[in-house]
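Participant: First the structure, which I've put down as structure tokens, then a few questions once you've had a look.
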Amino acid sequence: CTADFDDSGWDKPQIVPAPKGILRAQMMPPVKVIQTIRPVRMNSPKPGMYIFDLGQNISGWAQLKVSGPAGTKVQMRYGERLHEDGTLDQREIKEHVYEDVFHTDTYVLNGKGTETWEPRFTYYGYQYVELTGFPGIPTLDSISGRVVHTAFEQTGQFKCSNDLINKIHHGTLWAYRGNYVSIPTDCPHREKLGWLECAYLLEPSFLYRYGGREWFSKIARDIRDAQEPSGRVLTVAPSYPAGRFPGAFNWTVEWGAAAVLTPWQHYQWFGDRQVL
């Protein structure tokens, strides 16, 4: 910030095209922390390694409570399963990941009393949290599971005399929560993409439970925005050029049918002709 500063070693800026598309206001509910879950148990399969079990598979992240010397590095890894020896098993959920680090948070302590920390701008699909580097021995209060998804308004509920059907309904609700984080995904860990068959297959049953008018309108806009000039509809919307799939899988009818079925189902439910 001084006139005599030597900036000759700086890289020269590059002029690039402006972003394409249309800037719109957010027309759907925000993604929020909806619920906080306390772990049901904690085990230590190896010295210095602690496994927390939330008792429920969720989408979100863990909140850490810790105190210790400044510079202490604490690491949390997330997964859905455990090996037979009780250690974390990430094999299936990271099969499409080529980097070494996956579903991992690292926090460096500042040493100022009890510190509470959680990540932002990310989320994971998990039930178990592996905690390492913790100063001392943690307790069940050291980790909390933060359930994160789009903040839909609940509009309906269901309960019947058949316990099995109630359990199926309970599992279905958690599947919605895990896969409706801004876009309709098919799993909250390895494929956080807007798979379009998830939209039209789940919309009718979803709307009996939650208010999703703005959200499904947004999906229809995503489909239109990602549609190619030829008219072909991709399997994923929003689209991302670096993630195109090989061959014709980019535009198979089982996924692209969402361009017709999602607006039609929306119209049948809400009488909204604009989305058509």
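Participant: Which whole-number percent gives the relative contact order of segment 71-187, counting Cα pairs below 8 Å spaced six or more residues apart?
Facilitator: Worked out over segment 71-187, it gives 29 percent.
Participant: All other residues with a Cβ under 12 Å from the Cβ of VAL233 taken together, and with Lys, Arg as +1 and Asp, Glu as -1, what is their net charge?
Facilitator: Result for the neighbourhood of VAL233: -3.
Participant: Now for a different question. In terms of the Cα gyration tensor, with a ≥ b ≥ c the square roots of its eigenvalues, is segment 159-275 rounded because a/c is under 1.5, prolate because a/b exceeds b/c, or oblate?
Facilitator: In terms of gyration-tensor shape, oblate.
Participant: While we're on this one: Specify the inter-centroid distance of segment 195-243 and segment 41-116, based on alpha-carbon positions, in whole Å.
Facilitator: Between the Cα centres of segment 195-243 and segment 41-116 lies a distance of 33 Å.
Participant: Now for a separate question. Stokes-Einstein D for segment 1-83 at 10 °C, 1.306 mPa s, Kirkwood Rh over Cα pairs, in µm²/s?
Facilitator: For these conditions, the coefficient is 82 µm²/s.
Participant: Counting trypsin sites (Lys or Arg not before Pro) as exposed when in a DSSP loop with at most 10 other beta carbons within 10 Å, what is the longest stretch of the chain free of them?
Facilitator: 160-272
Participant: If you average the sequence gap of Cα pairs under 8 Å that are 6 or more apart and divide by the length of segment 1-118, what percent do you get for the contact order?
Facilitator: 25
Participant: Further, regarding this structure: Quick one: Cα centre-to-centre distance for segment 11-36 and segment 124-142, in angstrom?
Facilitator: The two parts, judged by their Cα centres, are 32 Å apart.
Participant: In nm, to one decimal, how far is the modelled label at ARG232 from the one at THR155, with both set 7 Å along Cα→Cβ?
Facilitator: 3.5
Participant: Once amide H atoms are placed 1.01 Å from N in the peptide plane, what residues at a sequence separation of 5 or more from ARG81, or on another chain, have their amide H within under 5 Å of its amide H?
Facilitator: ASP89
Participant: Given that just one value was derived from the coordinates, which of (i) -0.54, -1.24; (ii) -0.49, -1.10; (iii) -0.68, -1.17 is log10 I(q)/I(0) by the Debye sum over Cα atoms at q = 0.10, 0.15 Å⁻¹?
Facilitator: So the structure-derived entry is (iii).
Participant: Go ahead and set up a Gaussian network model of the chain, Cα springs under 10 Å, then flag whichever of MET76, MET28, MET49 fluctuates most.
Facilitator: So, out of MET76, MET28, MET49, the one fluctuating most is MET49.
Participant: Before anything else, pin down the relative contact order of the chain: Cα pairs under 8 Å, at least 6 apart, normalised by residue count, whole percent.
Facilitator: 20
Participant: Suppose all protein chains stay in the model; what accessible area per residue would a 1.4 Å probe give for the chain, in Å²?
Facilitator: Per-residue value: 60 Å².
Participant: Let me ask something else about it. So who's got an amide H within less than 5 Å of the one on GLN35, skipping anything under 5 residues away but keeping other chains? H placed 1.01 Å off N, in plane.
Facilitator: Amide H neighbours of GLN35, under 5 Å, 5+ apart: VAL147.
Participant: Which length gain, in nm to one decimal place, applies between ALA18 and ASP85 when the Cα-Cα distance is subtracted from 0.36 nm times their residue separation?
Facilitator: The ALA18-ASP85 span can extend by a further 18.9 nm.
Participant: At R0 = 45 Å, how high is the FRET efficiency between GLU92 and PHE5 if r is their beta carbon distance? Nearest 0.05 is fine.
Facilitator: Here the calculated transfer efficiency is 0.30.
Participant: Shifting gears a bit: Probe radius 1.4 Å, ligands and nucleic acids ignored: give me the carbon and sulfur share of the accessible area of the chain as a rounded percent.
Facilitator: Accessible surface attributable to carbon and sulfur in the chain totals 53 percent.
Participant: Pull out a ≥ b ≥ c, the square roots of the eigenvalues of the alpha-carbon gyration tensor of segment 155-223, then state rounded if a/c is under 1.5, prolate if not and a/b is larger than b/c, and oblate in the remaining case.
Facilitator: Verdict is oblate for segment 155-223.
Participant: Shifting gears a bit: Can you give the net charge of the other residues whose Cβ lies under 10 Å from the Cβ of ARG190, counting K and R as +1 and D and E as -1?
Facilitator: -2
Participant: Where in the chain is the longest stretch that carries no chymotrypsin sites (Phe, Trp or Tyr not before Pro) classed as loop by DSSP and with at most 10 other Cβ atoms within 10 Å?
Facilitator: It runs 122-276.
Participant: Now, a different point. Quick check on my link table: of LYS32/LYS218; LYS46/LYS192; LYS65/LYS159, which ones sit more than 26 Å apart, alpha carbon to alpha carbon?
Facilitator: From the list (LYS32/LYS218; LYS46/LYS192; LYS65/LYS159), the Cα-Cα distance tops 26 Å for LYS46/LYS192; LYS65/LYS159.
Participant: Counting helices only, and only those DSSP H runs with n ≥ 4, report the 222 nm mean residue ellipticity of the chain as the sum of -39,500 (n - 2.57) divided by its residues, in deg cm²/dmol to the nearest 500.
Facilitator: Only helices count here, giving -6500 deg cm²/dmol.
The values are calculated or read from the model by the stated rules, or taken from the named source; none is laboratory data. Since the structure is predicted, the reported quantities are computational estimates derived from the model, not experimental observations. Glycine also receives a Cβ, built like all others from the backbone with ideal geometry; neighbour counts cover every protein chain displayed. These accessible areas exclude ligands, DNA and RNA; they are computed on the full protein's heavy atoms, side chains included. Shrake-Rupley method; radii C 1.70, N 1.55, O 1.52, S 1.80 Å.
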